[in-house]
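Peer 1: Have a look at this one.
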Amino acid sequence: DTGVSQNPRHKITKRGQNVTFRCDPISEHNRLYWYRQTLGQGPEFLTYFQNEAQLEKSRLLSDRFSAERPKGSFSTLEIQRTEQGDSAMYLCASSGRGIQETQYFGPGTRLLVL
Amino acid sequence: AQSVTQLGSHVSVSEGALVLLRCNYSSSVPPYLFWYVQYPNQGLQLLLKYTSAATLVKGINGFEAEFKKSETSFHLTKPSAHMSDAAEYFCAVIPSNDYKLSFGAGTTVTVRA
């Protein structure tokens, strides 16, 4: 069990650029979650996948954000036309099939938009 | 909607002293409750979780938490703080009919030598 991995760990970009983050969940987990954490706050839910199906998107996920999970394995989160307000830590988590199963978090991708 | 309140954004304790972090939740049905710890520039690590079994839950690193339905609380304690306990701690809930975590704002713990 290698845990949840995320790449890159850090990303600095200029306002208006597009960025893409990747999450590799624990191999046997079919549920995958994205959360966003701003400084001094707890993580906030962004979106959720069960296998390859995206089942819920938060209102925090504007039209500039898109997430995919092709083949139900890794997931990508893309932000188009980044804004300074997008600066945050983006966390990925995965869990098994049962409801309320423990979500295991990756190390996060810290995004800074200049 | 679920809400989680962590009382005190910052707690400072002496090494060897009791650590007490407070968490209250609002829920119309008993939720599932979690405590996570986050070290600087890292992701979240599960300390313990309550899933309607025993009300006193033991976790890793000597931490434990007690679920009190009448008080809608799930406070985290550790009898004797260690320097390695310095981190940020998050209380989180999942309603019994949901799957996404709702987090409190977090409590930063510093440990004085």
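The values are calculated or read from the model by the stated rules, or taken from the named source; none is laboratory data. Keep in mind it's a predicted model, so treat the numbers as computed, not measured. All Cβ positions, glycine included, derive from the backbone under ideal geometry; neighbour counts span all protein chains shown. With ligands, DNA and RNA removed, areas are computed over all heavy atoms of the protein, side chains included. Shrake-Rupley method; radii C 1.70, N 1.55, O 1.52, S 1.80 Å.
Peer 1: With all protein chains present, calculate the accessible area of B:Thr77 using a 1.4 Å probe and round the result to the nearest 10 Å².
Peer 2: 40 Å²
Peer 1: Along the Cα→Cβ direction, 7 angstrom out, place labels at B:Lys69 and A:Lys71. What is the inter-label distance in nm?
Peer 2: 4.7 nm
Peer 1: Check cross-link reach from A:Lys14 to the lysines: straight Cα distance under 29 Å, and skip same-chain residues fewer than eight apart.
Peer 2: Answer for A:Lys14, where 29 Å is the Cα cut-off: A:Lys57, listed by chain and number.
Peer 1: Which FRET efficiency value, to the nearest 0.05, do you get for A:Asp63 and B:Ala113 by plugging their Cβ-Cβ distance into 1/(1 + (r/R0)^6) with R0 = 41 Å?
Peer 2: Computed FRET efficiency for A:Asp63 and B:Ala113: 0.20.
Peer 1: How much accessible surface area, in Å² rounded to 10, belongs to the heavy atoms of A:Met89 with a 1.4 Å probe?
Peer 2: Taking all protein chains as shown, A:Met89 has close to 10 Å².
Peer 1: Going through the cross-link list B:Lys49/B:Lys100; B:Lys69/B:Lys100; A:Lys11/B:Lys100, which pairs have a Cα-Cα distance over 23 Å in this structure?
Peer 2: Going by Cα-Cα distance, A:Lys11/B:Lys100 fall outside the 23 Å limit.
Peer 1: For B:Leu46 and A:Glu83, what does the FRET efficiency come to when R0 = 30 Å and r is the distance between their Cβ atoms, rounded to the nearest 0.05?
Peer 2: After rounding to 0.05, the efficiency reads 0.40.
Peer 1: What is the sum of charges, Lys and Arg at +1 and Asp and Glu at -1, for the other residues whose Cβ falls under 15 Å from the Cβ of A:Thr82?
Peer 2: Summing Lys/Arg as +1 and Asp/Glu as -1 gives +3.
Peer 1: Rounded to the nearest 10 Å², what accessible area does B:Glu15 show when all protein chains are kept and the probe is 1.4 Å?
Peer 2: 90 Å²
Peer 1: Say each of B:Ala17 and B:Tyr39 gets a label point 7 Å from the Cα, pointing the same way as Cα to Cβ; how far apart are those two points in nm?
Peer 2: The modelled label-to-label distance comes out at 2.4 nm.
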